[in-house]
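Presented below is the structure to which this report refers.
The values are calculated or read from the model by the stated rules, or taken from the named source; none is laboratory data. This one's a predicted model, so the numbers in the text were calculated from it and none came from an experiment. So basically every Cβ, Gly included, is an ideal-geometry build from the backbone, and we count neighbours across all protein chains shown. Ligands, DNA and RNA are excluded from the accessible area calculation, which covers all protein heavy atoms including side chains. Shrake-Rupley method; radii C 1.70, N 1.55, O 1.52, S 1.80 Å.
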Amino acid sequence: MLDSIRVRRHDPENMLDQLIGFPDQCAGAVKLVEGFQLDGYTELEIRNIVIAGMGGSGIGGDLVKAVVADNCPIPVAVHRDYSLPAFVGQGTLFIAVSFSGNTEETLMSVETAYERGAVLIAITGGGKLAEFAVQRGIPCLTIPARGQPRSALGYLYLPVLAILDRLGFAQGFDFRGDTQEAIHLLSRLVNGFHPDVEDNRPKQLARQMCGKLPIIYAPQSLRAVAIRWTAQINENAKSLAYHNLLPEMNHNEIEGWKFPSDLTRCCFVVMLCDDAAHNRTQRRMEITAQLIEKHTAGIAQVHSQGESLLARLLSLIAVGDWTSLYLAVSYAQDPTPVVRIQELKRRLQMG
Ligand code: PA5
């Protein structure tokens with residue numbers, strides 16, 4: 001039974017409380033960014049926006065892009081690498097996001113953006129990124145850096161959204177109304193997902209996924225959510241998971257659902273659904289499920305809730321986050337530590 005006693009037994013560093021506190025964290029992030037000074041930034045001529053960050057810090061950029069890009073008059077890109085594309089330079093608003101402030105890919109890209117004359121903003125818990133920003137007079141929002149980056153999602157995406165809203169790049173997005181709706185919805189969902197609730201959707205999904213390889217399919221508009229589900233299952237449950245997007249996977253991956261047959265029958269598919277996705281993509285998801293189902297270990301659909309795009313994205317993220325916690329517990333894994341990520345960073349530091 002996935003009750004509080006069992007969850008607490010496998011969760012000594014308290015990922016559970018991080019998930020319970022997520023709606024309050026979002027409210028805290030809204031407050032934190034209110035006093036952030038961006039003097040002179042509204043007068044600058046910005047031609048493109050790049051949000052740089054890796055892993056738990058990078059997902060914030062994906063979420064922001066999902067909310068603003070369709071209505072933004074200039075291109076919005078999320079960047080996850082050392083080097084930068086040639087278009088980044090004067091006229092680029094470059095927002096570097098790093099929970100620790102010490103992620104080498106982010107540091108290298110922000111240095112290049114600075115050398116090329118981009119307009120910079122840093123969002124970080126401290127480290128070298130904060131030092132870099134302070135020394136050069138770059139606006140730097142310091143976020144509370146406790147726990148794991150993936151548990152600080154509220155601090156990693158909401159300030160970026162608020163900044164783009166203030167600079168006039170979040171058209172069609174009602175910052176106050178949409179964040180309030182999202183926070184209320186998240187509070188309601190969190191109550192229902194708590195381990196004290198005898199059964200709930202994340203517990204069901206974790207039971208279905210346990211011992212299987214989770215494959216996440218989503219419409220292109222839910223790309224950020226699919227990435228988050230995959231990463232949370234990887235890092236919290238220490239399980240492989242993969243995602244792909246529709247319509248693209250209808251043009252290649254769908255043919256792969258045959259071999260190795262022992263493997264396909266161990267894959268549990270989650271289809272992330274949103275009523276606002278293109279109606280042809282929704283139809284494609286239905287047909288895809290019909291065509292591949294007999295080769296899988298099962299298929300579950302998870303539907304977004306809420307009105308605004310932000311609320312709908314976060315409602316799906318909440319289901320995925322809680323599912324990954326219950327999956328960790330099902331595998332008797334402590335969801336918090338990421339031993340390999342730390343070890344890899346340690347070895348890289350040695351040269
Ligand atoms: O979850 C993690 O620990 C990673 O995905 C990190 O977020 C990633 O390595 C980047 O580090 P940071 O968020 O400190 O920039």
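Taking each residue of region 308-322 that is within 10 Å of VAL225 (Cα to Cα) and touching a residue at least 60 places away in the same chain (Cβ under 8 Å) and looking for partners that are open to solvent by 10 Å² or more (accessible area, probe 1.4 Å) and not in a helix (DSSP H, G or I) with beta-carbon atoms closer than 6 Å, six or more apart or interchain, yields SER315/SER304; SER315/GLN305; SER315/GLY306; LEU316/SER304. Scanning region 192-231 for residues that are β-branched (Val, Ile, Thr) and more than 17 Å from the chain's Cα centre (by Cα) yields one hit, VAL197.
Step by step: first the residues of region 91-144, then only those that are open to solvent by 30 Å² or more (accessible area, probe 1.4 Å) and in contact with a Phe, Trp or Tyr (Cβ under 6 Å, 6 or more places away or on another chain), then the one that is farthest from the ligand (Cβ to nearest atom). Which residue is that? Reasoning before the result, please.
Of region 91-144, the ones open to solvent by 30 Å² or more (accessible area, probe 1.4 Å) are 100, 102, 104-105, 108, 111-112, 114-117, 127-128, 131, 134-137, 140, 142, 144.
Filter once more, so that each one left must be in contact with a Phe, Trp or Tyr (Cβ under 6 Å, 6 or more places away or on another chain): 105, 108.
On the way: GLU105: 8, MET108: 12 Å.
Out of the qualifying residues, it is MET108.
Please note which helices (runs of 4 or more DSSP H) are completely contained in region 174-275 and include at least 3 residues that are free of Cβ contacts under 8 Å to residues at least 24 places away in the same chain and more than 16 Å from the ligand (Cβ to nearest atom). Even if it seems obvious, please write down each step before you answer.
On the way: elements: 175-193, 201-209, 223-237, 261-264.
Where helices (runs of 4 or more DSSP H) fall fully within region 174-275 and carry at least 3 residues being free of Cβ contacts under 8 Å to residues at least 24 places away in the same chain and more than 16 Å from the ligand (Cβ to nearest atom), they are 175-193.
Identify all residues within region 32-88 that are within 16 Å of the ligand (Cβ to nearest atom) and open to solvent by 20 Å² or more (accessible area, probe 1.4 Å); write none if there are none.
To start, the set of residues in region 32-88 that are within 16 Å of the ligand (Cβ to nearest atom) comprises 50-64, 78-82.
Residues satisfying the conditions are MET54, GLY55, VAL78, HIS79, ARG80, ASP81, TYR82.
Checking each residue in region 4-19 for being under 26 Å from the mean Cα position of the chain (by Cα) and either surrounded by fewer than 16 Cβ atoms within 10 Å (Cβ to Cβ) or part of a loop (DSSP other than H, G, I, E, B) (or both) picks out SER4, ARG8, ASP11, PRO12, GLU13, ASN14, ASP17.
Can you tell me which residues in region 164-173 are open to solvent by 30 Å² or more (accessible area, probe 1.4 Å) and outside any loop (DSSP other than H, G, I, E, B)? Once the filter is applied, which keeps residues that are open to solvent by 30 Å² or more (accessible area, probe 1.4 Å) and outside any loop (DSSP other than H, G, I, E, B), region 164-173 yields ASP165, ARG166.
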